[in-house]
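The values are calculated or read from the model by the stated rules, or taken from the named source; none is laboratory data. Computed from a predicted model, the values in this text were never measured in an experiment. With ideal geometry, Cβ positions are generated from the backbone for all residues, glycine too; neighbour counts draw on all protein chains shown.
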Amino acid sequence: MLLKKLLFALLVKPLAFVIIGLHIRNRERLPKKGPAIIVANHNSHLDTLVLMSLFKLKLLPKVRPVAASDYFLNKGIYSWMACNLIDIIPLDRKLRGSIDEQFKPIYQALDNDEIIIIFPEGSRGKAERLSHFKKGIAVLAKQYPKVPITPVFLHGLGMCLPKGEGMFVPFICDVIVGEDMFLQGETKSFVAALEQEVQELAKDITSTPWV
């Protein structure tokens, strides 16, 4: 975990707060301890790093993003970085069987009082566009009804480092943290409500159109 702390102290936090110059609203709403779940829109590889940078260094060992194992664990040095520097929770999207079996690493993380980061869209979308949330987040909410789910809206990071691009472009970026949510009613309606909440957070952004 020392390498993880060094990465964020020396590289990621300066990138987020000095070079990008993040504007953060309602930072106090972020979880102070686990178990907890953070959900956010997803447009860039920067999303994960920026979300993790919002936490104090002493809490970082407990903050772990969910990431597709078929993407991050078969690319040599990137696999090493994903495991040793970011400490991802690998999700095997090709695993056959029940969703509970697929989500087992996530359950273990929550049982270990960790703060997990998940992107309900499933993959990076086009910059400043929101795709529909998948049902996986509702499975977690049903399995852990007392664990708070904190919605977060990220703006501008898809312009800084868009999907498929390797060039970093300076851009005004915002992070807006919503209030904790818990499963209410049917899982399908909960997913819709969570997606709507992220859309509502996006309305506070006026500098760039958002769909």
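The figures follow:
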{"read-out": "Pair list, Cβ < 8 Å and 6+ apart or interchain, from the range 11-39 residues that are under 19 Å from LEU110 (Cβ atoms) and at pLDDT 95 or above to residues that are hydroxyl-bearing (Ser, Thr, Tyr) and outside any strand (DSSP E or B)", "value": "PRO35/TYR144; ILE37/TYR144"}
{"read-out": "The lone exception for SER131 - which of (1) surrounded by fewer than 20 Cβ atoms within 10 Å (Cβ to Cβ); (2) at pLDDT 90 or above it fails", "value": "(2)"}
{"read-out": "Residue list for the range 1-31, filter: assigned to a loop (DSSP other than H, G, I, E, B), over 16 Å from the mean Cα position of the chain (by Cα) and closer than 15 Å to ARG64 by Cα", "value": "MET1"}
{"read-out": "From VAL139, VAL211, residue being surrounded by fewer than 21 Cβ atoms within 10 Å (Cβ to Cβ), touching a Lys or Arg at 6+ places or on another chain (Cβ under 7 Å) and either modelled with pLDDT under 90 or not in a loop (DSSP other than H, G, I, E, B) (or both)", "value": "VAL211"}
{"read-out": "Output for the range 75-119, where each listed residue is of a type in the set (Val, Ile, Thr) and farther than 23 Å from LEU3 by Cα", "value": "ILE99"}
{"read-out": "Residues of the range 32-42 satisfying the condition of being assigned to a loop (DSSP other than H, G, I, E, B) and within 22 Å of ALA138 (Cβ to Cβ)", "value": "GLY34, PRO35, ASN41, HIS42"}
